[in-house]
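K.L.:
Please see the structure below; I have some questions.
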Amino acid sequence: MYSQGKDNHCCANMSEYVLAGIRSELAELKSTVSSLKSRLQVTEEQLQQLKKNEYKVAFGATLGSNGDFGPFNAPVTLVYTNVYVNEGGAYNPTTGIFTAPVKGAYFFSLSGHNRSSKVLNLGLFKNEQQMLIVFNHPYGDRYESTANSISLTLEKGDRVSVRLRETSWVFDNYSHHNSFVGNLLFPL
């Protein structure tokens with residue numbers, strides 16, 4: 001009888017050991033399911049944002065003035081009023097400012113046109129920091145164009161604009177020589 005009780009005790013200990021292992025596996029599975037639910041929720045939210053076209057951002061506009069514009073005593077933000085595309089509505093044709101709707105990598109280009117007897121000096125600004133310029137020295141008396149482009153990492157809410165520098169000029173007409181273009185390459 002004594003040995004039989006010892007066997008029962010041994011079996012009880014083994015059953016507790018197996019049960020503890022099952023409980024541990026169950027806890028791990030619950031943790032994995034919880035993690036997968038969280039990841040699925042994030043993925044579904046991203047899919048909903050894509051369906052709403054929140055990440056479709058592209059604009060292209062030209063100056064829209066006729067004749068000389070400038071010079072001024074201080075830098076002036078150019079307002080490109082002929083808007084050809086403004087997907088996502090991030091470019092404001094009233095202020096000339098593009099506001100990043102989402103953190104991401106963006107591409108911008110600008111072109112300038114003037115009579116070469118006058119200085120052309122345009123700066124592309126991210127917030128208040130100049131990122132690049134287009135510049136023509138005064139030389140001769142003919143019309144000239146210049147352009148430049150850049151890719152930038154922007155945070156949501158960053159602003160990009162083009163400024164005509166003081167004592168500088170641009171010339172435009174029905175041919176729309178002066179342009180400002182940008183688009184989201186991909187969100188970050």
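The values are calculated or read from the model by the stated rules, or taken from the named source; none is laboratory data. Owing to the predicted nature of the structure, the values given are computational and were not obtained by experimental measurement. We place every Cβ from the backbone using ideal geometry, glycine too, and count neighbours over all the protein chains shown. Surface accessibility is based on the protein's heavy atoms, side chains included, excluding ligands, DNA and RNA. Shrake-Rupley method; radii C 1.70, N 1.55, O 1.52, S 1.80 Å.
K.L.:
Which number comes out as Rg/Rh for segment 77-128 once both Rg and the Kirkwood Rh are worked out on C-alpha atoms?
P.N.:
With Rh from the inverse mean 1/r over Cα pairs, Rg/Rh is 1.00.
K.L.:
Relative to the longest principal axis of the chain, what angle (0 to 90°, nearest 10) does the C-alpha long axis of helix 2-51 take?
P.N.:
20 degrees
K.L.:
Rounded to the nearest 500 deg cm²/dmol, what is the calculated helix-only ellipticity per residue at 222 nm for the chain, with -39500 (n - 2.57) per DSSP H run of length n ≥ 4? Could you put the intermediate results ahead of the total?
P.N.:
On the way: 1 runs with 50 residues, N = 188.
Mean residue ellipticity at 222 nm (helix-derived): -10000 deg cm²/dmol.
K.L.:
Could you give the longest part of the chain that holds none of the chymotrypsin sites (Phe, Trp or Tyr not before Pro) found in DSSP loops with at most 16 neighbouring Cβ atoms within 10 Å? Please report the intermediate quantities before stating the final value.
P.N.:
On the way: sites that count: 55, 72, 139, 174.
Formally, the longest exposed-site-free interval is 73-138.
K.L.:
Also, I was wondering about something else. Could you sort 156, 103 by accessible area so the largest value comes first, with the probe set to 1.4 Å?
P.N.:
156, 103
K.L.:
While we're on this one: Pop out the Kirkwood hydrodynamic radius of the chain from its pairwise C-alpha distances, inverse of mean 1/r, in Å to one decimal.
P.N.:
20.6 Å
K.L.:
Can I ask one more? For residue 39 and residue 25, compute 0.36 nm times the residue count separating them, minus their Cα-Cα distance, and round to one decimal in nm.
P.N.:
Here the answer is 2.9 nm.
K.L.:
Work out the count of Lys pairs in the chain where the Cα-Cα distance is under 19 Å, with the pair 8 or more places apart or on different chains.
P.N.:
8
K.L.:
Take the alpha carbon gyration tensor of segment 65-105, find the square roots of its eigenvalues, order them as a ≥ b ≥ c, and report rounded if a/c is under 1.5; if not, report prolate when a/b exceeds b/c, else oblate.
P.N.:
oblate
K.L.:
A further question follows. Using a Gaussian network model of the chain with C-alpha springs under 10 Å, which one of 92, 73, 136 is most mobile by mean-square fluctuation?
P.N.:
The residue with the greatest mean-square fluctuation here is 73.
K.L.:
What's the longest piece of the chain with no exposed GluC sites (Glu not before Pro), counting a site as exposed if DSSP puts it in a loop and it has at most 16 other beta carbons within 10 Å?
P.N.:
55-127
K.L.:
Classify segment 83-188 as rounded, prolate or oblate, taking a ≥ b ≥ c as the square roots of the eigenvalues of its Cα gyration tensor: rounded when a/c is under 1.5, otherwise prolate if a/b is larger than b/c and oblate if not.
P.N.:
On the way: a/c = 2.45, a/b = 1.95, b/c = 1.26.
It is prolate, given that a/c is not under 1.5 and a/b is the larger ratio.
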